1. Angle between the Cα long axis of helix 92-111 and the longest principal axis of the chain, 0 to 90 degrees, nearest 10?
2. Take each of the peptides 168-179, 267-278, average the number of other beta-carbon atoms within 10 Å over its residues, and list them starting from the highest.
3. In what sequence, highest mean first, do 134-143, 254-263, 47-56, 220-229 appear when ranked by Cβ atoms within 10 angstrom?
4. With all pairs of different alpha carbon atoms counted, what Kirkwood hydrodynamic radius in Å does the chain show?
5. So, by mean Cβ neighbours within 10 angstrom, what's the order for 27-36, 103-112, 90-99 with the highest one leading?
6. Please compute the net charge surrounding residue 326, taking Lys and Arg as +1 and Asp and Glu as -1 over other residues with Cβ under 13 Å from its Cβ.
7. Set the Förster radius R0 to 25 Å, insert the Cβ-Cβ distance between residue 39 and residue 294 as r into 1/(1 + (r/R0)^6), and round the FRET efficiency to 0.05.
8. Taking Cα atoms, how many degrees apart are the long axis of helix 292-334 and the longest axis of the chain, rounded to 10 and kept between 0 and 90?
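Where a number appears in this text, it was derived from the coordinates with a stated rule and is not lab data. Here the structure is a predicted model, which means the values were calculated and not measured. Reconstructed Cβ throughout: ideal geometry from the backbone, glycine too, with neighbour counts over all protein chains shown.
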Amino acid sequence: MNLDEVKRFMVRWESLLAVATILFIVIAGATTPGLLSDASKTAAFQLTAEKAILALPLMMLIIAREIDISVASIAAFSSIFAGMLMEAGAPVLIAALAAVIVGALCGCVNGFCVTVLGMPSLVVTLGTLALFRGLCYAMLGSTPITDVSPGLIDWVYGTLPGSWISNAFLPTLLLIPVFAIALHFRPVGRQIYTIGGEPAVATYSGVRTQRVRFGLFVVSGAVAAVAGVIAIGRTSQVSPDALFGYELDAITIVFLGGISFLGGKGRISGVLWAMLLVIALRQTLLLNGQGQYAQGTAVGVLLIGSLLLANVSQRISGWVTDRRLRARIAQEEASPAAPAEASA
């Protein structure tokens, strides 16, 4: 690795975010008693497990220049079917599978409206956010399902053998390499980047853009359902307002991780650092006596700040590129003149 490559690596958003995250954890750990204890870390990852897993498919959708803000509503809607099955005595795995199928079908609704009907994904998922949440209240009313499997509750509140990592975070840990391989090492990943960065090029190069985009919405719905099942174990009930507002944290993680809201840019490494930063931030605020409203405010400020920084960095990058291009053109225009002056 030469000096120029080292400089480019150091100024990459993922590298800066990694430094900022490590500094925040070090400073917060030194000023907040108990933050870095095993119990605190277990609780932090347990409380943010659903938000972290929702961010993974959302990352791929935004790279493809789409978005799904209905993920939390899909998670809640899917969890109702899992809760009903558990209440009827079905095994947890069967209930979870049913929830994933329902979540995938919800993703099909979003994908159909976007890819077949040609509607903007922001408008579609804003509508289905209200639709699926309304169906939750229509099915349950104000009475949650509390007869859920004790085994699921015990599993969510347990930890991986020999570690402090919460079982609730295990699905996220399993899906991270799957999404990383698909995005950075498989043809579908290159197609997603091309669809988001150069839609016309993707179409003319034979990429089945509609199929890829539709599949991303289906995956988003299925993964959201997994978050819904985790929420059942964490809250010990199925509620119509489950995971309300969780899409805000998921979107914050994605944008803070350097995924461009214009599509076609970003890496999963940045999203993982952003995920860790949001987890640390919320746990720090919690241990300092701040409630959910204060935490939500901080996450909202973080979201706005990440978008602002992304915009500023893009402007600076464009300005630097323009200056370099102008300097190169000026140098090329001046170079033929030198031999002519020498001959004269």
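1. 50
2. Details: 168-179: 17.7, 267-278: 24.0.
Listed from highest to lowest mean packing, they are 267-278, 168-179.
3. On the way: 134-143: 13.2, 254-263: 23.0, 47-56: 26.7, 220-229: 29.0.
The densest-packed peptide leads the list: 220-229, 47-56, 254-263, 134-143.
4. Values: mean 1/r = 0.0460 Å⁻¹.
Its Kirkwood hydrodynamic radius stands at 21.7 Å.
5. Details: 27-36: 13.7, 103-112: 22.7, 90-99: 18.0.
For the peptides 27-36, 103-112, 90-99, the packing ranking is 103-112, 90-99, 27-36.
6. Details: positive: 323, 324, 328; negative: 322, 332, 333.
So the environment of residue 326 carries a net charge of 0.
7. Numbers: r = 22 Å, r/R0 = 0.87.
The pair residue 39/residue 294 has a calculated efficiency of 0.70.
8. Once rounded, one gets 20 degrees.
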